[in-house]
1. Please state which one of D:125, D:86 is at pLDDT below 95 and either within 13 Å of chain C (Cβ to nearest Cβ) or part of a helix (DSSP H, G or I) (or both).
2. With respect to residue C:117, determine if the residue is within 14 Å of residue C:39 (Cβ to Cβ), over 19 Å from the mean Cα position of the chain (by Cα) and not in a helix (DSSP H, G or I).
3. List every residue pair whose Cβ atoms lie under 8 Å apart, where the two residues are 6 or more positions apart in sequence or sit on different chains, the first residue falls within segment A:113-132 and is within 7 Å of chain C (Cβ to nearest Cβ), and the second residue, located anywhere, is basic (Lys, Arg) and part of a loop (DSSP other than H, G, I, E, B).
4. With respect to residue B:105, determine if the residue is more than 13 Å from chain C (Cβ to nearest Cβ) and within 19 Å of residue B:176 (Cα to Cα).
5. For residue C:77, all conditions in the list (1) of a type in the set (A, V, I, L, M, F, W, C); (2) under 21 Å from the mean Cα position of the chain (by Cα); (3) not in a helix (DSSP H, G or I) hold save one; what is the number of the exception?
6. Looking only at segment D:300-316, decide whether some residue is within 14 Å of another protein chain (Cβ to nearest Cβ), touching a His at 6+ places or on another chain (Cβ under 6 Å) and either under 30 Å from residue C:82 (Cβ atoms) or in a helix (DSSP H, G or I) (or both).
7. Kindly list the number of the only condition in (1) among the polar types (S, T, N, Q); (2) at pLDDT 95 or above; (3) farther than 30 Å from residue D:285 by Cβ that fails for residue D:91.
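The values are calculated or read from the model by the stated rules, or taken from the named source; none is laboratory data. These numbers were taken from a predicted model, which means no experiment stands behind them. Cβ: placed from backbone, ideal geometry, glycine included. Neighbour counts: every protein chain shown.
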Amino acid sequence: MSERVSSRAALVGGLLLWFAVLGGALSWAVHSLAAWSIDELACEAGHDDLAGVPLVGAIALAVLLPAAGATAALVVSVLAWRRLRPEPREDGDRATGRAHLLAVVGLWLNLLALAMIVFGGVAALVLPPCQR
Amino acid sequence: MTPADLRTALRPAGLVTEQPVGRSTAWWGVMLFIATEGTVFAALLGSYFYLRFQHGVPWPPDGIAQPDLRLPLVMTAVLVPSSLPVAWAEAGIRRGRRWQVRAGLLATLVMGGTFLGLQGMEYHENLREYTVTTNVYGSLFYVITTFHGAHVTVGLFMVCWLLAAAGRGGVSARRPEPVRVVAYYWHFVDAVWVAILFTVYLSPRL
Amino acid sequence: MPSSTAAARGTRPGPEAMASLTRHWAEAPSLRTWFGTVDHKRIGRRYLVTAAVFFGFAGASAVAMRTQLAGPEAGILSPREYNQLFTMHGTAMIFLFSTPMLFGFGNFLVPLMIGARDMAFPRLNAFGYWVFLFAGLFMWASVPAGAAPNGGWFAYVPLTDERNTPGLHLDVYTLGLLFLGISTTSGAVNFIVTALKLRAPGMSLNRVPVFVWAIVATSFMVLVALPVLNLDNALLFLDRRFDTRFFEPERGGNVLLWQHLFWIFGHPDVYIIVMPALGIVSAVLPVFCRRGIVGYPLIVFSIVAIAIISFGVWVHHMFATGLPQLSYGFFSAASTVITIPSGLQIFAWLATMLVGRIVVSVPFLFVVGFLVTFVVGGVTGVMFALTAFDQQTTDTYFVVAHFHYVLFGGAVFPILAGVYYWLPKMTGRMFSVRLGRWAFWLVFVGMNLTFFPMHVSGLLGMPRRVYTYPGGLGWDPWNLLATIGAYVVAAGLLLVAVGVVHALRRGAPAPDDPWGGDSLEWTTSSPPKPYNFPVIPRVHSLHPNWDPRTVESTGPGATEDRILAEGRTTLCTSELDGRYERPVEMPEETRKPLLAAVGLLMVFLGLLLAWYWVAAAGAALVIGTLAAWLWPPRRTPQEAGVAG
Amino acid sequence: MAGGEWAGHRRPLAPVARIVGCGLLVLLGGCSGGAPSTLDPAGTGARRVEGLWWLLFWISVVVFAEVMALLAWALVFRRRPDRRISRVEPTRFVVVAGAGVPFVILLAAYGVGLRDLAALRQPESPPAVTVDVTGHKWWWEVRYAGVDGATANEIRIPVGEPVRVRLRTVDVLHSFWVPQLMPKTDLIAGKVRETWLRAERPGEYRGQCAEYCGLQHAHMALQVVAQPRAEFDAWLARLAAPAATPDSDAERRGQQAFLQGTCVACHTVRGTAATGTVGPDLSTLGARWSLGAGAVPNDGGHLGGWIVNSQTVKPGNAMPPQPVDAAALPDLIAYLESLR
């Protein structure tokens, strides 16, 4: 890679790549922890609201916001993946090859994360929050 | 950050960025150690909230009073700023100023020791009201704070060790790792205290 | 990037350099160095042997239990004995066999596969082994004493509290696992730092062998999962010994907290066991298909994905505890989706076989055995993701069948494949193919005969962890079959041991590269010299040993900056792209790790027996040893900057 | 609830599936009769899960067969030494077969699983009978809401009606499981859990504690007896009434021995001075299916052995060996057996 970019753009680029790799997984982790703990703790304590917000609403937020996060990561990872197509030679620039590998990993991770969040959202649609 | 920067950042040359100078093995070692220790604290404080919300009101239970905030705030005021002399010492070793290392570490030693003393005072006060066996609240309070206190103690051991090593000349601008490792650990112990302050002392009032 | 004139000339290490390397790295064959070694290859072999011995103990427990269960109402074992044996079987298989065994492979292989001369922290490595050894002995010693853990490997409260299980049983469990956790954690830190910093120059992330990816991902999982288990055990120990109330409902405690914390660790741990084993498969299978693995990026993705998602499925072990169904829904979702990365790996392996040319050797046989059994365990695994089905079959023999297919199929078969595959590299000896084939068929047939019938007995309503069962409920024939199978497996595993001993005694000398392998360990001698590589290679592709440029980089293309004969030195490179950074000094043999481990043993024995002064003395010993261990050395010329 | 339609919709295929599936199992030794089998459901919950099982079973068979076919293909056709090693990367095949197809299958399975889960906790009509089951190490205490009286290790329910079961434990965790009727629900210390049972046909259904609960986890069975409503009502009335009074001299002597001995410290016989609560209520002991929660059958010989030293039968249970006079033992047995 002969092209040079400013150090700030390079820093942002590096961070964006990591967001593309881990953004979806982080969103899903937030979704999973928030939705589960809200549901289990509120229901065990016999509440059907969370500080005034109905439980269903709180859980919906815990699905929708992470879903948005995972989608954003997915978009960045697709962009990165398309722009980092490795050169045909196996011994092409290894930094590009490495970054492309990370983009592929991120792309798939984001897809899975989004799938899990959506699956969880479906469960929230089907099951009343405190039914046992 | 302008849109132009973002466009550049998303060019291949931006995306493939790697830090110009990699970290040392010591840096990675201590960071991973801190990560795993941090997980212990996260799980411990998570358990606090799990037990608390399942317990229901009132919290603290069994007529135990809300935690008194005065002493903990003083402790915070002693412990959190103690990161500064450590950072100062770390800056000193990079310039090879061994006196600065020693002075910074001594200050930290004093502040950390003071913190432990204050924690002893707090225990003395609280133990009259409840102990670790009274109920789950007592267990949580003492185990969380003692566990953190043990980390402060370990940190102080490390500082003492470093003072001794610095005196012997084993630490220099060329070998700053020991100072750095101790500094990272100390910052971690400080940060954990802030989380404990929130969980144990402030959150029952929310 | 240092540009020496040697680079232009091209040198290989001359006799002087070789002599210097030997002088700096070789350990004298004395008792002193036996206790003080920091050589990752010796430590790795010790891990393997020690874990194999613990496997033998745990396997013998299993045979004893199967004998008791051969028929209804048998009286071979008392319930007291049975409950201790099944607890120790599970605990030892998980903590004292699987993970240490795979860490043994990692220890031996990771530096060799990435072209380094040792682990990043060799003394920490030695310390980890001693702690593992002591913790294992600590736990197994409780069996002859009649005080072995008896609460199941999962040790649910309140069964395991002081009221319901007095005595040392559970103290052995909590303290033993805390003790062992120190070893596992230090090993994990070491693997990550080694793989991030000590890769040969040129080995960017996209050229890292899959096995190394697996070990690194596993280590990350260990660092996040194990602290949670440690916390859980510490709280239980406090409850038992010092009357805290964490798990006591009458005083505001909560018994489900134990389960949550335990399974936040417990489910990732399944993958902590299986993942390095899958890494072994990805290392062995392509070599016998004579081509690189298909879908390398997808396999890397699978490893990373499993490492992350496995932390979000733990509640599927608690589907019968009566939590809100919606809570189950979230975990059911993750448990369903986590199948996909595993599916991708299976099909990547199949595709590799379908486009390659297969050589059926003994290691490959075990890989095939793995594929067959792991798929069975996988499809039943998906079933447990569905809450309704899980509630019906959890805690039955159906689960026992499922996870033995996953763990025996997914870990033991790959481990055995690895044993045969790397035996020539580790010992310098070839094994008997005939013995190996016999062993494979016995283990494979016996394993299926043992565990397949358990699916049926589970569906027929037989619960787990019962020391006996009444006749006439339709369970008898299935149990008899399983018991016969257990004996067949035991015979097969004994044959593996015989094969290893036979190879050591009678085996033909092994060539450097008997299989035509692709990774760097096959570029060096069998067994490798103490310094691993006379020249640290420059890596040009994912398959360095199949790549002439890499091979050449250690021959005529060798440069001074990768020979590093002046001192005990290896190379640091950058984390992502594997750029050359600087040589680093490695420590020499020392007995301080052993001393620190002895101190820890004192601490835990003191805590166990409530001899707190022994514990305090042990703690002082640990602190003193660590202080001396880390004491800055007198600076050598290299450190002073001559070579820097 | 739509789940009911789903179950109905699935039924036409179910027998075929069962026959073929059982056929496969028969090859391996037979679908055993007499088992508390999840594949022989007699209750609404268990039937629903049985349907789910066969769906999952067939998916599994297909997936396994597919992988084995590919493996066999490779082993047979890619072994010849003249095979050209292909350098192409069949990534598309891996993605479609390893991720695409599984995703579709998993999506469907997850959907069906959610429906079945939602249905499991909802009886079609609100239950009229509530049973309170309390777990002990190692037996089940059984009471009926609104009825003064208790039995042990035996639950009677009216057939065809949903019955609410409230679950508590006095010591460790247990798990309530009657495989032919309903998936399991754990008994959690410090909490109350609930499940429900609905038996489709009269009969006796074996259940067993499914959560490891210590030394005698193996001997913590129970029996659910589903009977017509009239019989059930009569039985419940009997449970609420005082225990039977002795008829014969032997039984009278036995009662005396019982009341004067150590038994009363732990056991209750309603209508007598025996009001202990440590062990099971013995007021209807003679009519129960077993002794020691499934440890031995309930007959005179076993009862005598149990009284003299139950520790040889079920080591570790809470009842110490009883110093009963050998001459008085037959009377004691006669009395206890008369409690029906």
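1. On the way: D:125 fails: either within 13 Å of chain C (Cβ to nearest Cβ) or part of a helix (DSSP H, G or I) (or both).
Answer to the check: D:86.
2. Details: within 14 Å of residue C:39 (Cβ to Cβ): yes; over 19 Å from the mean Cα position of the chain (by Cα): yes; not in a helix (DSSP H, G or I): yes.
Taking the combined requirement at face value, the residue satisfies it.
3. What qualifies is A:131/D:121; A:132/D:121.
4. Values: more than 13 Å from chain C (Cβ to nearest Cβ): yes; within 19 Å of residue B:176 (Cα to Cα): yes.
Yes; evaluated as a whole, the condition is true for this residue.
5. Among (1) of a type in the set (A, V, I, L, M, F, W, C); (2) under 21 Å from the mean Cα position of the chain (by Cα); (3) not in a helix (DSSP H, G or I), residue C:77 violates only (2).
6. As a first pass, look at segment D:300-316 and keep what is within 14 Å of another protein chain (Cβ to nearest Cβ): D:302, D:310-316.
Cutting the leftovers down to touching a His at 6+ places or on another chain (Cβ under 6 Å) gives us D:314.
Applying the additional criterion that residues be either under 30 Å from residue C:82 (Cβ atoms) or in a helix (DSSP H, G or I) (or both) yields D:314.
Within segment D:300-316, one or more residues are within 14 Å of another protein chain (Cβ to nearest Cβ), touching a His at 6+ places or on another chain (Cβ under 6 Å) and either under 30 Å from residue C:82 (Cβ atoms) or in a helix (DSSP H, G or I) (or both).
7. (2)
The rows are residues; the columns are (1) under 24 Å from the mean Cα position of the chain (by Cα); (2) under 20 Å from residue C:336 (Cα atoms).
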position: C:376; (1), (2): yes, yes
position: C:388; (1), (2): no, yes
position: C:428; (1), (2): yes, no
position: C:439; (1), (2): yes, no
position: C:453; (1), (2): no, no
